[in-house]
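The values are calculated or read from the model by the stated rules, or taken from the named source; none is laboratory data. Nothing here was measured: the structure is a model prediction, and the numbers come from that model. Neighbour counts are summed over all protein chains in view; Cβ atoms, including those assigned to glycine, are modelled from backbone coordinates with ideal geometry. When the accessible area is computed, the model is the full protein with side chains, heavy atoms only, and any ligands, DNA or RNA have been set aside. Shrake-Rupley method; radii C 1.70, N 1.55, O 1.52, S 1.80 Å.
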Amino acid sequence: MNVVETRDLTKVYGDVRALDGVALEVPEGSVFGFLGPNGAGKTTMLRVLLGLARQTSGSATIFGHDTVRDGEHIRSRVGFLPDVPGFYPWMTGAEFLHFAGSLFGIPEATIAQRVDGLLDMAGLAGNPHPVGGYSRGMKQRLGIAQALVNAPDLLVLDEPTSALDPLGRAEVLSMISSLRGRTTVLFSSHLLGDVERICDRVAVLDRGHLVVQGSVEDLRRAHGGATTFRLAVTDGVDRLAAAVAAEPWCVRCTPAVRDDGALDVVVGDLAGARMRVPVLVAGLGLGLRRFDEVEASLEDVFVDLVGGRR
Ligand code: ATP
């Protein structure tokens, strides 16, 4: 069953088609990554789903209820964390969650029961300090806890990791991941590595168009395309890159050289590449340090799908 379903969803701002005929399907229980470059329409999509903006045409349902006609049936079952969440800096985390729960009209005894578990999940249990002194990562985790205070069946997060350092991101991702199977999570991001780490399914939006959606594995298989080899040599990788780029089996050898000095080469003819690479390396008088087949990353898929349209 799909928790979120949109049909031909379109949102126009003046000359800009922020969403253009989008048909999104978010299955129940999934951790769903909604990907796209800046300006793709991700925030617009989430705002329309949440009833914070009205579509120009098309329709959207959440739990089978139309988001425009039946908004009141949906709101109590959805939690939302905007991209720039607001906090009262003088409150402690516990006070903030109590306050957020009271806004939903949840009975005080129920809130009290939930707050401890949520603070625990956010790694903030027992923290007596006001939110004003929290790190960005702590604030973001408290934000997610706040979005869960009404025990939602769907949690929507707008770019929950983009302002965080690697450790903060890892903690937020692990918190989101811990919700798997308990609630459906839909989150937007332009950080492909984050999505790849925790999502079962993804959709890619580009300039208002839904370019693709499916499981991360399916996308890798269908759009990762040809095999990628990672090559490393003792010295003179630039010369090897030039020689490889001139070979008929080389589909792409960009970015030419990775930070670690290795070269990623997308090849169309696997057998040809296997035979020719050692010959090229030897011909240039280089030593071969690494010659591995690597799996296409979500980033490769993304560049294939979105990069070519720039
Ligand atoms: P980002 O990652 O930069 O936030 P996004 O994928 O969330 O990007 P949106 O913020 O949804 O993208 O914007 C999609 C397009 O719609 C952009 O061209 C943007 O300028 C335009 N847009 C969004 N909101 C409005 C608005 N209220 N009025 C006019 N144009 C808007």
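Only one of (1) modelled with pLDDT under 90; (2) crowded, with 16+ Cβ neighbours inside 10 Å fails for residue 72. Which number is that?
Every listed condition holds for residue 72 apart from (2).
Which one of these is open to solvent by less than 10 Å² (accessible area, probe 1.4 Å) and not β-branched (Val, Ile, Thr): 164, 97, 118?
Numbers: 164 fails: open to solvent by less than 10 Å² (accessible area, probe 1.4 Å); 118 fails: open to solvent by less than 10 Å² (accessible area, probe 1.4 Å).
Answer to the selection: 97.
Report whether or not residue 6 is under 15 Å from residue 208 (Cα atoms) and modelled with pLDDT of 95 or more.
Taking the combined requirement at face value, the residue satisfies it.
Which condition does residue 212 not pass, out of (1) part of a helix (DSSP H, G or I); (2) in contact with a strand residue (DSSP E or B) (Cβ under 9 Å, 6 or more places away or on another chain), if it passes all the others?
(1)
Answer with yes or no whether residue 208 is crowded, with 18+ Cβ neighbours inside 10 Å and away from the ligand (no atom under 16 Å from the Cβ). Spell out how you get there, then give the answer.
Details: crowded, with 18+ Cβ neighbours inside 10 Å: yes; away from the ligand (no atom under 16 Å from the Cβ): no.
When the stated conditions are applied, residue 208 does not pass them.
Before we move on, is residue 54 open to solvent by 30 Å² or more (accessible area, probe 1.4 Å) and within 16 Å of the ligand (Cβ to nearest atom)? Even if it seems obvious, please write down each step before you answer.
Numbers: open to solvent by 30 Å² or more (accessible area, probe 1.4 Å): yes; within 16 Å of the ligand (Cβ to nearest atom): yes.
When the stated conditions are applied, residue 54 passes them.
Please indicate, with yes or no, whether at least one residue in the range 181-204 is in a strand (DSSP E or B), open to solvent by 10 Å² or more (accessible area, probe 1.4 Å) and at pLDDT 90 or above.
Within the range 181-204, one or more residues are in a strand (DSSP E or B), open to solvent by 10 Å² or more (accessible area, probe 1.4 Å) and at pLDDT 90 or above.
Looking at the range 83-102, is at least one residue within 16 Å of the ligand (Cβ to nearest atom) and touching a strand residue (DSSP E or B) at 6+ places or on another chain (Cβ under 8 Å)?
Yes.
Please go through the range 57-82 and pick out each residue that is closer than 19 Å to residue 184 by Cβ and within 16 Å of the ligand (Cβ to nearest atom).
60, 80, 81, 82
I'd like to check something: does the range 249-261 contain any residue that is modelled with pLDDT of 80 or more, in a strand (DSSP E or B) and open to solvent by less than 70 Å² (accessible area, probe 1.4 Å)?
Within the range 249-261 (the criterion being modelled with pLDDT of 80 or more, in a strand (DSSP E or B) and open to solvent by less than 70 Å² (accessible area, probe 1.4 Å)), the answer is yes, since at least one residue qualifies.
Taking only the range 34-88 into account, find how many residues are in a loop (DSSP other than H, G, I, E, B) and of a type outside the set (S, T, N, Q).
Residues meeting the conditions: 23.
Look through 10, 43 and report the one residue that is open to solvent by 50 Å² or more (accessible area, probe 1.4 Å) and within 15 Å of the ligand (Cβ to nearest atom). First the steps, then the outcome.
Values: 10 fails: open to solvent by 50 Å² or more (accessible area, probe 1.4 Å).
Only one candidate passes the filter, namely 43.
Scan the range 13-33 for residues that are within 15 Å of the ligand (Cβ to nearest atom), open to solvent by 10 Å² or more (accessible area, probe 1.4 Å) and not in a strand (DSSP E or B) and jot them down.
14, 15
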